[in-house]
Structures are given as structure tokens and as C-alpha cells.
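The values are calculated or read from the model by the stated rules, or taken from the named source; none is laboratory data. All of these numbers come straight from a predicted model, not from anything done at the bench. Methodologically, a virtual Cβ is constructed for each residue, glycine included, from the backbone with ideal geometry; neighbour enumeration extends over all protein chains shown.
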Amino acid sequence: MEQEKDSFLSAGQRELNEIYHPAHAASLRTLKDFCPDYFSIVEEFGLGNLWQRPSLTAREKELVVFSTLITQGDTELQLRQHVHTALKRGMKFEEILESIILLAVYIGVPRTLNAIQVVRSELAEVA
């Protein structure tokens with residue numbers, strides 16, 4: 001059981017180091033001192049376990065997460081992070097925009113307009 005926990009921790013750390021935008025990873029790591037249990041849920045379970053499950057590709061998982069964040073609304077910080085991780089996990093810019101366009105019909109223009117503004121802002125930083 002301890003070996004499995006170490007494996008999840010290692011995988012979570014790798015995700016933070018290799019996939020996350022450095023500023024977002026640093027921000028998340030500040031939680032380690034403030035609320036270690038919460039950080040552990042994010043790093044070990046979320047990034048170390050869930051993101052490593054084999055049934056969906058990382059790109060497919062990213063599309064699900066990206067769409068979910070937009071649907072929830074009030075998730076700008078996380079949405080900014082997932083613009084970066086989506087691109088690193090193989091999503092194309094056009095796919096990100098197309099997913100937002102599709103969501104407009106289901107969740108409405110205000111939330112999708114906010115998402116487009118976030119994506120545009122984050123992509124300007126990448127360019």
C-alpha cells in the first residue's frame with residue numbers, strides 16, 4: 001500500500017513539474033504548507049492517480065476537464081491553468097475554441113464568452 005502511495009505521489013509530482021505552467025504549479029505548492037491534506041488530494045489522488053488511469057488519453061481527459069470548468073463558471077484560475085495543460089497534452093488551439101463554441105449552445109453565451117476571454121489572454125502569454 002505504501003509503495004502504491006509513493007507511486008501516486010511520484011506521478012503527481014511529475015505532472016506538476018512537467019505539465020503545469022510553472023506559476024500555477026508554484027501557486028498550488030503554496031497549499032502544501034497551508035493545508036497539506038488538500039494538497040495531497042490534488043497531487044497524489046488527482047494528478048497522481050486519476051490522470052494516470054489508462055481508459056482515456058490525457059488529451060481526452062483534458063477536454064473533459066476543460067469543458068467542465070467552463071460549465072461550472074467562476075473557475076478562471078483553473079481554466080487558465082488548463083489552457084496550458086491542454087496544449088501540452090495534445091489539444092490544438094482550434095479544438096479548444098471548437099469546444100467552447102459547442103458549449104455555447106448548452107450552457108450559454110456569458111460563460112463561454114468568459115472562457116474565450118481567458119483562453120485569448122493565456123494564449124497571448126504563450127505566443
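Report whether or not A11 is under 11 Å from the mean Cα position of the chain (by Cα) and surrounded by 13 or more Cβ atoms within 10 Å (Cβ to Cβ). No, not satisfied.
Rundown of residues vs (1) part of a loop (DSSP other than H, G, I, E, B); (2) polar (S, T, N, Q); (3) more than 25 Å from G46 (Cα to Cα); (4) assigned by TED's automatic domain parsing to the domain that holds E15, yes/no style:
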{"site": "A86", "(1), (2), (3), (4)": "no, no, no, no"}
{"site": "E95", "(1), (2), (3), (4)": "no, no, no, no"}
{"site": "I100", "(1), (2), (3), (4)": "no, no, no, no"}
{"site": "P110", "(1), (2), (3), (4)": "no, no, yes, no"}
{"site": "N114", "(1), (2), (3), (4)": "no, yes, yes, no"}
{"site": "R120", "(1), (2), (3), (4)": "no, no, yes, no"}
{"site": "A124", "(1), (2), (3), (4)": "no, no, yes, no"}
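Among the residues of the stretch 60-74, are any assigned to a helix (DSSP H, G or I), in contact with a Phe, Trp or Tyr (Cβ under 7 Å, 6 or more places away or on another chain), assigned by TED's automatic domain parsing to the domain that holds R120 and not aromatic (F, W, Y)? Within the stretch 60-74, one or more residues are assigned to a helix (DSSP H, G or I), in contact with a Phe, Trp or Tyr (Cβ under 7 Å, 6 or more places away or on another chain), assigned by TED's automatic domain parsing to the domain that holds R120 and not aromatic (F, W, Y). Selection over the stretch 70-82 of residues that are on the phi > 0 side of the Ramachandran plot and loosely packed, with under 14 Cβ neighbours inside 10 Å gives a count of 1. If you go through the stretch 18-69 and keep only what is exposed (fewer than 13 other Cβ atoms within 10 Å of the Cβ), of a type in the set (G, A, S) and under 27 Å from L123 (Cβ atoms), you end up with A23, A26. Pairs are defined by a Cβ separation below 8 Å, a sequence spacing of at least 6 or placement on different chains, a first member in the stretch 33-52 that is outside any helix (DSSP H, G or I), and a second member that is acidic (D, E); the pairs so defined are G48/E15.
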